[in-house]
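What follows is a single structure, written as structure tokens, with notes after it.
The values are calculated or read from the model by the stated rules, or taken from the named source; none is laboratory data. Since we're looking at a predicted model, the values are computed, not measured. Note that each Cβ is placed from the backbone with ideal geometry, even for glycine, and that neighbours are counted across all protein chains shown.
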Ligand SMILES: [Fe+2]
Ligand SMILES: [Fe+2]
């Protein structure tokens with residue numbers, strides 16, 4: 001195709017017929033004289049044969065995405081290339097459903113789409129690709145791209161610009177000499193900004209300068225969400241259609257893109273989003289902690305430290321918004337000698353009780369754990385014990401295995417580094433972290449800066465649901481503060497204990 005003046009470029013329809021139809025109508029109204037589809041026709045919205053037919057009718061140029069390539073290979077993997085294994089898994093589940101009913105005719109058609117192509121426009125040659133010019137499954141995020149890499153790519157293909165899709169996040173980058181790079185976004189889902197509208201790109205080079213626009217297209221997303229429901233599609237894929245906020249794929253986003261929906265989104269402007277933690281209630285914490293102060297089990301400064309976790313000054317404040325609960329792990333001389341009746345009179349029942357260990361949950365997402373068994377690597381050192389009771393650490397429970405919560409857990413690592421809090425991972429990669437007869441998937445420990453901090457105790461981020469077994473699994477000790485003078489020795493004996 002040559003002599004194109006105004007090209008509409010779309011990608012990632014994922015079976016969303018209603019959105020694709022609205023985008024094609026918008027492109028016609030915008031006077032597009034060519035329409036290119038850059039792949040990922042099928043996916044989480046089902047309706048695979050219908051969407052392939054609509055694309056065949058509606059477009060002039062085609063490029064295969066990872067979904068087309070995998071469908072042609074009859075693979076059950078989506079091949080998205082997410083960095084998070086959970087994101088990849090859920091995307092592959094959707095992909096399997098999308099390909100299950102695909103006709104041989106549709107599959108054969110998808111097999112004819114090339115990995116990339118060049119369109120000769122009035123004003124210059126433009127490369128069309130799916131992920132990046134080099135790799136179908138590469139995610140190109142604007143915040144991570146330097147102009148020199150992009151210019152090298154344009155030189156390699158001898159083109160004025162390239163247009164890609166795949167990541168779902170549209171951008172336009174103007175380069176020196178009137179060159180450009182565009183991610184056209186996707187037409188099948190919103191761009192995680194809290195607005196259900198979808199996107200595609202209009203590129204017009206005819207006048208000399210590159211006139212490029214990311215078109216924002218609204219459609220009847222509520223009606224489409226109901227259509228998806230009627231087709232039996234999982235709510236995890238329907239929610240983003242309604243809210244404009246992704247439920248999956250977030251852990252694989254660069255940190256700079258994870259909170260797009262908390263910037264100036266319609267939800268924010270309407271005042272319906274709140275900084276308040278979703279599952280924690282600071283007022284309830286105050287009442288519970290005052291009761292334990294009266295029992296002589298926590299001090300005023302320990303209470304202050306707990307409440308400061310809900311202060312925006314806490315570097316990990318974002319994680320608190322999605323945390324299920326927080327625990328104070330209090331070391332006592334003897335768990336048997338605690339005033340158990342008076343504690344139960346506060347309106348709780350013990351959970352996970354074991355010799356030398358007990359947990360009391362309270363409303364508002366505050367739990368008190370008391371132990372008299374070794375829980376920290378420091379406990380193995382011969383040094384004089386600290387007078388009990390005292391809070392050994394504060395634990396932040398990120399139990400929900402969603403992309404957003406996972407992202408918050410992972411962010412604690414880079415946040416700690418930037419905020420100057422030493423950190424230490426525990427578990428992960430299939431090995432859980434054991435504590436008596438409970439286990440969580442993964443922990444990340446952070447230690448407040450030595451000076452000028454409102455926090456003095458180690459903090460634990462625990463990711464994944466708490467699983468309880470009847471057997472004792474042994475205990476993984478809390479890692480010692482890496483700045484402790486005897487940190488080397490303590491870590492060595494903790495390893496020997498396993
Ligand atoms: Fe893709
Ligand atoms: Fe803990």
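So here's what we get for this one:
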read-out	value
Residues within the range 201-235 that are under 21 Å from residue 178 (Cα atoms) and within 29 Å of the chain's Cα centre (by Cα), tallied	4
Condition check for residue 81: modelled with pLDDT of 95 or more, assigned to a loop (DSSP other than H, G, I, E, B) and either surrounded by 14 or more Cβ atoms within 10 Å (Cβ to Cβ) or on the phi > 0 side of the Ramachandran plot (or both)	no
Residue in the range 207-221 that is farthest from ligand 1 (Cβ to nearest atom), counting only those that are outside any loop (DSSP other than H, G, I, E, B) and closer than 24 Å to residue 31 by Cβ	211
Residue that is surrounded by fewer than 19 Cβ atoms within 10 Å (Cβ to Cβ), touching a helix residue (DSSP H, G or I) at 6+ places or on another chain (Cβ under 7 Å) and not in a strand (DSSP E or B), where the choices are 387, 374	374
Residue match in the range 65-74 (condition: more than 14 Å from ligand 1 (Cβ to nearest atom), at positive phi and either surrounded by 22 or more Cβ atoms within 10 Å (Cβ to Cβ) or at pLDDT below 95 (or both))	yes
Count - residues of the range 342-373 that are within 14 Å of ligand 2 (Cβ to nearest atom) and on the phi > 0 side of the Ramachandran plot	1
Within the range 190-206, tally of residues that are assigned to a loop (DSSP other than H, G, I, E, B) and farther than 24 Å from residue 238 by Cα	2
Close pairs from the range 385-412: first assigned by TED's automatic domain parsing to the domain that holds residue 467, partner within 16 Å of ligand 1 (Cβ to nearest atom) and assigned to a helix (DSSP H, G or I), Cβ under 7 Å, at least 6 apart	403/87
Those helices (runs of 4 or more DSSP H) lying entirely in the range 255-358 with at least 1 residues free of Cβ contacts under 8 Å to residues at least 24 places away in the same chain and more than 26 Å from residue 463 (Cα to Cα)	266-269, 282-294, 300-307, 340-344
Boolean, residue 376 is at pLDDT 80 or above and either assigned by TED's automatic domain parsing to the domain that holds residue 87 or within 16 Å of ligand 2 (Cβ to nearest atom) (or both)	yes
Close pairs from the range 78-93: first not assigned by TED's automatic domain parsing to the domain that holds residue 136, partner within 16 Å of ligand 2 (Cβ to nearest atom), Cβ under 9 Å, at least 6 apart	none
Selection status of residue 36, over 25 Å from residue 141 (Cα atoms), within 16 Å of ligand 1 (Cβ to nearest atom) and crowded, with 23+ Cβ neighbours inside 10 Å	no
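Every residue, every condition in (1) over 30 Å from residue 82 (Cβ atoms); (2) in contact with a helix residue (DSSP H, G or I) (Cβ under 7 Å, 6 or more places away or on another chain); (3) buried (at least 20 other Cβ atoms within 10 Å of the Cβ); (4) not assigned by TED's automatic domain parsing to the domain that holds residue 190, yes or no:
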position	(1), (2), (3), (4)
229	no, yes, no, no
233	no, no, yes, no
274	no, no, no, yes
290	yes, no, no, yes
303	yes, yes, no, yes
311	yes, no, no, yes
